[in-house]
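Read the structure below first, then the notes.
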């Protein structure tokens, strides 16, 4: 990792769960990055993200996905979370790497943007951009799947980017 990445928290799941939350996030960094190695128990469900427990229709996202032979794109507006992939993930293994970045998360005058990418051992890859239409500083992030659970052994590590 770059010297400016400061570990904030790591969670390794001891049992399958639908939701992982990082809370009480300090506002002392410029950006946040979450790196996950995960599996999901239901085929074709991808991670979703919410900020500050907001379940309102305040999110939008655009996703590009492909598997080597088929490419897809989709856009969601007025959604209740940011979706991390349109293809979902197949198989029952810890085969997905997911990197999620929130820029300028502590600013209280602008909406929050997020970018991410993912890949899996079954040749699925996605890139996405998301928007949370709220000017509040982000102090918690919740990752969840629409159905099923994150598998036992999945890891979630949150980093803060220190200002130079």
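The values are calculated or read from the model by the stated rules, or taken from the named source; none is laboratory data. Quantities reported herein were computed from a predicted structural model and do not represent experimental measurements. Cβ coordinates were reconstructed from backbone atoms using ideal geometry, including for glycine residues, and neighbour counts include every protein chain displayed.
Some points to look at:
- For the stretch 154-164, filtered to residues that are within 19 Å of residue 100 (Cβ to Cβ) and assigned to a loop (DSSP other than H, G, I, E, B), the residue that is farthest from the chain's Cα centre (by Cα) is 162.
- Candidates 105, 89, filtered to the one that is surrounded by 21 or more Cβ atoms within 10 Å (Cβ to Cβ), at pLDDT 95 or above, part of a loop (DSSP other than H, G, I, E, B) and touching a strand residue (DSSP E or B) at 6+ places or on another chain (Cβ under 9 Å): 105
- Tally, over the stretch 40-72, of residues that are touching a residue at least 24 places away in the same chain (Cβ under 8 Å) and within 20 Å of residue 141 (Cβ to Cβ): 19
- Taken together, 57, 95, 69, 81 contain a single residue that is at pLDDT below 95 and touching a strand residue (DSSP E or B) at 6+ places or on another chain (Cβ under 6 Å), which is 95.
- Those strands (runs of 3 or more DSSP E) lying entirely in the stretch 11-69 with at least 3 residues more than 14 Å from the chain's Cα centre (by Cα) and loosely packed, with under 12 Cβ neighbours inside 10 Å: none
- Residue, nearest to residue 67 (Cα to Cα), within the stretch 117-148, restricted to residues that are surrounded by 19 or more Cβ atoms within 10 Å (Cβ to Cβ) and modelled with pLDDT under 90: 124
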